[in-house]
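Working notes for the structure below.
Every number here is computed from the coordinates shown, using simple stated rules; none is lab data. All of these numbers come straight from a predicted model, not from anything done at the bench. Heads up, the Cβs are rebuilt from the backbone with ideal geometry, glycines too, and the neighbour counts pull from every protein chain shown.
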């Protein structure tokens, strides 16, 4: 069962300097029950993609082309007020990158929850309180936190509280954008545990986890999608991405990761030469050809399509496309 | 062959804060370790663990509250004459986290390179030629960086210029405080390679200060884990990761996400 599908989605920022093609022709489908990790360097369009998938498109960002279906409903056609009423928080929730500051500093957590739920349905105060209490217990969060101000909570706890609040109405899909990058490793693990609990208990069905940290994705994601310069270059199971990466960019990304493991010492850290391209004026053909040691003539002028190779791996690279010879 | 270069004995730093109600904060407590020539020793810890304070004491930027620092067998703890400090800084050199902070934004980057000649005894060197050679050593094109202002260079280029200073001075010990935390993964590898080259060519030792356990594990000969101002664990990277003895290191090991191992229960 497909929960979310994106077909040829293009979302560009229209700026005075020109058009930034931050998301350029992305095809993606997410099955029910799957946690998908999206990884790539900063500026590759990860955050723009998740905002686009939600329908949260504000100028200068514009959806230029493409269709987004969430559980059969075409959300790319809905307007903001409809999305706010029927989709966000109910069908899909986002925990944004700035979630550590998402709570209202002058309000206790429970009062913040009451304000947030007013938007949706007519819950009475006591209903909201029992809903919140029950959910905090399910997620092993201290119920006392409901009566605290945000500054009284640690960073990790604040992040977990925000996650609990965004999933109070049991959205089918939860999207989290770099939820742990500002936390120390111990708080990070607790946040990941909370996300896992949400999924195991069936509160949410699927999750999209956006990060630049592949070691974190390894712990929580079933599948990983690698983005480069506004494109999805590879999509496969977590094990395939780690042990059998195909796209030269994926290989480079994996080899640049340093974790305290003997395998890393053996394989050495390697780097990808050059820098990601400016999306105001991306390279022709394959956008990675300027940094790729395998670049061929065809890579300079023909864009590689995302094709299936070896079972469930999708890869966009001429090294693996059958039309290699031209 | 290697010999003892730096020895730090029971180094302690207590900061006193507050005007009326004075409060004492122990930033570093009884830290002792040795650095041999040609070795990478890393201090690993989270923010507030005292690793930067330790670095500043070794660099003689702040005075320890108690404890001693010996460099090449000499007690340098009380060094305070400008001539003596200059001499010391030509042998012990610092590289810091934010290369922006080491540059004056209003002056061209050339200045940080030419300043170095104030520390060098031989005043007859061809300065322009030496600077150009040092820049080439660190993989920079002199034409591209000389005459530029700091904001015109990328973070990686700025960090490389700081390493180029090391090639000019050829210090015996480099104290590198989070030298790669501000730059992306691909450039990171380059800077680490440059420090390794210095070690191989000139037997330079490096005290590598980082919060990144993976990086410390990768580069070090010896690793010291700091927590709340104290060294709680020390040993070769493999010893520390395979058989951690302190509770803190055990927790760190259990909580750090690894690439080739999955957490239990996940």
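Quick look at the values:
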quantity: Spin-label pair residue B:136/residue B:3, simplified geometry with 7 Å Cα→Cβ offset, distance in nm; calculated: 3.2 nm
quantity: Ellipticity estimate at 222 nm from DSSP helix runs (n ≥ 4, -39,500 (n - 2.57)) divided over the protein assembly as shown, nearest 500; calculated: -9000 deg cm²/dmol
quantity: Evaluated over chain B, the Cα radius of gyration and Dmax, each in Å; calculated: 19.3, 66
quantity: Computed FRET value (nearest 0.05) for residue B:151 with residue B:250, which takes r as the C-beta separation and R₀ as 51 Å; calculated: 0.70
quantity: Relative contact order (%) - criterion: Cα under 8 Å, at least six apart; region: chain A; calculated: 19 percent
quantity: Label point distance in nm, residue B:143-residue A:186, each placed 7 Å from Cα along Cα→Cβ; calculated: 5.5 nm
quantity: Nearest-0.05 FRET efficiency for residue A:67 and residue A:265, computed from C-beta distance (R0 45 Å); calculated: 0.45
quantity: Highest-first arrangement of A:138-147, B:217-226, A:3-12, where packing means the average Cβ count within 10 Å; calculated: B:217-226, A:3-12, A:138-147
quantity: Highest-MSF residue in chain A out of A:37, A:252, A:274 [GNM, Cα springs under 10 Å]; calculated: A:274
quantity: Full-stretch length increase - residue A:284, residue A:42 - with 0.36 nm per residue and alpha-carbon distance subtracted; calculated: 85.1 nm
quantity: For A:212, B:93, order by how many other beta-carbon atoms lie within 10 Å, fewest first; calculated: A:212, B:93
quantity: Quotient of C-alpha Rg and 2.2 N^0.38 Å, computed over chain A; calculated: 1.04
quantity: Pairwise label distance in nanometres, residue A:312 with residue B:16, each label 7 Å out on the Cα-Cβ vector; calculated: 6.5 nm
quantity: Cβ-derived FRET efficiency at R0 35 Å, residue B:47 paired with residue B:121, nearest 0.05; calculated: 0.35
quantity: Cα centroid separation, the stretch B:1-78 to the stretch A:232-246 (Å); calculated: 45 Å
quantity: Prolate/oblate/rounded call for the stretch A:1-79, Cα gyration tensor, a/c under 1.5 rounded; calculated: oblate
quantity: Centre separation in Å (Cα based) which lies between the stretch B:126-172 and the stretch B:199-266; calculated: 31 Å
